[in-house]
Each structure stands twice: as C-alpha cells, then as structure tokens.
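Student: Quick one: structure below, then a few questions.
Rule-based calculations on the coordinates, nothing more; no lab input. Given the structure is predicted, the values throughout are model-derived calculations rather than measurements. Cβ sites come from the backbone with ideal geometry, for glycine too, and all protein chains shown count toward neighbours.
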Amino acid sequence: MDDFLIYLGYLILLINLILYAFSFFRKGKANVFFVAYLAFSFVMQFSMELVYSLHKSNLVLVNIFVIGQMLFLGMFYHSILKLKIQKLFVKWGIIIALLILGIQFCIEPDLFFKFNLFEITVTSLMIVVFALLHFYNMLTESKTYYYVTIAVILFMLGSTILYLVGNLTLTLSENLKYLSWKLNAFLFIIYHLLIMYEWKRSFYKN
C-alpha cells in the first residue's frame, strides 16, 4: 500500500509535467518557472527513489530538493505577483532564507547529510507566505493559478506539520512514524491532483 501511494504520486507528477510542458508551447502558455519546478521535482524524486533503491542515503538529494523547491516556487510567485513591494518581499525572503540556511550549514556541515527539519520548516513556510500573498491578490484580481496556490498552501503546511509530528514520535512509536509518512504520501497525491485540475481549468480549452 505504501509503495502504491508513492508511485501513484510520482505518476501524477509526471502527467502534470507533460501537460504543463505541452501547454508551455501553446497559446496562453504555462508559466516557465512552474514548468521548471515540475521538471525539477520529477528529476529529484526519481533520483531520490533510485538512490534509495540502491540502499544508499538520499538525504543530500532531499536537502537539495527542499532548497530548490523554495527557489523555483519563489521565482514562480515573484513572476505572477503584481505589486512591486510584494515582489521585493519574495526576493528578499528567498535571500534571507538562503543566508540563514547557509550560516547553519557553515556551522554544522554535517547537516547537509542529515534530515534537516529546520531547513524544511523554513523553506516550506516561506513558500506558504508567498502563496498567501498571491491568494490575497486574487480576492480582487483574476484567479490565476488559483488551484495551484490552494494546493501549495495545503501541502506545504500539512507536510511540515507531519514532518514535525513524525520527528517527535521517532522515539515513541514506529506506527505513528509510518502513519505520518503515509499521510504525507496521500497529501502529495492530493497536491498534484489539484495541480492537474488547475491545468484542466486554465489550459485544457486552449
């Protein structure tokens, strides 16, 4: 069941990448940074799964993915936000987050080879803030990437909470730990189904 959820999530991610990449070259094209994010996500997920199947640690790739995800989604929201002050906030938010993480890695270089909960929390919350800015704008503007933004907020918040819970229960219960990972895999599927629904609403007719 665990493998089914994981690979189903990967399959939906691949379908989304194909759909949005196809739309990128057509009228009303998909945002280049969002297409790049999907491509980056697929390559990283495939790489992490491959390394894991070889019974090697994939935590270096996990850390690269977490930072890269913040960069790509940050650039995505920077490109669709209208107000200059919001664009500056996103730009400096990314820079400050990278500086904080850079200092952390300089102090503890070994963290790059470990599960870094602080890094996950910082990058995920930054993405949520960027998404909330766009969501706020959509209250008075056209609903561009509306379902994507809902998906981002739900997944990033939910995933961060599950990682925190999973980390707290590591020494308490194996069942709770694996339950948190199963729920995260389920959230990943919902996340990409909403992204797929966004494509249907925004690009299918074009």
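Student: Pop out the Kirkwood hydrodynamic radius of the stretch 92-157 from its pairwise C-alpha distances, inverse of mean 1/r, in Å to one decimal.
Tutor: So the Kirkwood estimate lands at 13.3 Å.
Student: Helix 174-202 against the longest principal axis of the chain: what's the angle in degrees, Cα atoms only, rounded to the nearest 10?
Tutor: 10 degrees
Student: Given Cβ point charges of +1 (Lys, Arg) and -1 (Asp, Glu) and nothing else, what value in debye, to the nearest 20, does the dipole of the chain about its Cα centre take?
Tutor: Dipole size: approximately 980 debye.
Student: Right, something else. Could you give the nm distance between label points at Glu49 and Leu193, where each point is 7 Å from its Cα heading toward the beta carbon?
Tutor: Result: 1.8 nm between the two label points.
Student: Quote to one decimal, in nm, the extra length available between Ile85 and Leu59 on full extension: 0.36 nm per residue of separation minus the C-alpha distance between them.
Tutor: That pair, Ile85 and Leu59, stretches by 5.8 nm at full extension.
Student: For Tyr7 and Tyr178, compute 0.36 nm times the residue count separating them, minus their Cα-Cα distance, and round to one decimal in nm.
Tutor: Taking Tyr7 through Tyr178 to full extension adds about 59.9 nm, to one decimal.
Student: Run the count for the stretch 59-206, please: Lys pairs, Cα-Cα under 25 angstrom, 8 or more apart or on different chains.
Tutor: 10
Student: Between the stretch 1-76 and the stretch 129-169, what is the separation of their alpha carbon centroids in Å?
Tutor: Rounded to whole Å, the Cα centres lie 17 Å apart.
Student: Let me ask you something else. Can you give me the convex hull volume of the Cα atoms of the chain, divided per residue and expressed in Å³?
Tutor: Expressed per residue, the convex hull around the Cα atoms of the chain is 122 Å³.
Student: Which ³J(HN,Hα) values, rounded to whole Hz and listed in residue order, are derived for the stretch 103-108 from phi using the Karplus coefficients 6.51, -1.76 and 1.60 in 6.51 cos²θ - 1.76 cosθ + 1.60 with θ = phi - 60°, glycine and proline given as x?
Tutor: 5, 4, 5, 5, 6, 10
Student: Taking the simple approach of a point 7 Å from Cα along Cα-to-Cβ for both Ile107 and Phe24, what is their distance in nm?
Tutor: If labels sit at Ile107 and Phe24, their model points lie 3.8 nm apart.
Student: Still on this model: Compute the longest continuous run of the chain that contains no exposed trypsin sites (Lys or Arg not before Pro); treat a site as exposed when its DSSP state is not H, G, I, E or B and it has at most 15 other Cβ atoms within 10 Å.
Tutor: Longest gap between qualifying sites, sites excluded: 144-204.
Student: Mind pulling the angle between the C-alpha long axis of helix 146-168 and the longest principal axis of the chain? Nearest 10 degrees, somewhere in 0 to 90.
Tutor: Between the helix axis and the principal axis of the chain, the angle is about 10 degrees.
Student: Mind checking which of Leu11, Ile195, Leu125 is farthest towards the positive end of the stretch 1-204's charge dipole, using Cβ charges of +1 (Lys, Arg) and -1 (Asp, Glu) about the Cα centre?
Tutor: Ile195
Student: Could you tell me the relative contact order of the chain? Use alpha-carbon pairs under 8 Å, at least six residues apart, and round to a whole percent.
Tutor: 25 percent
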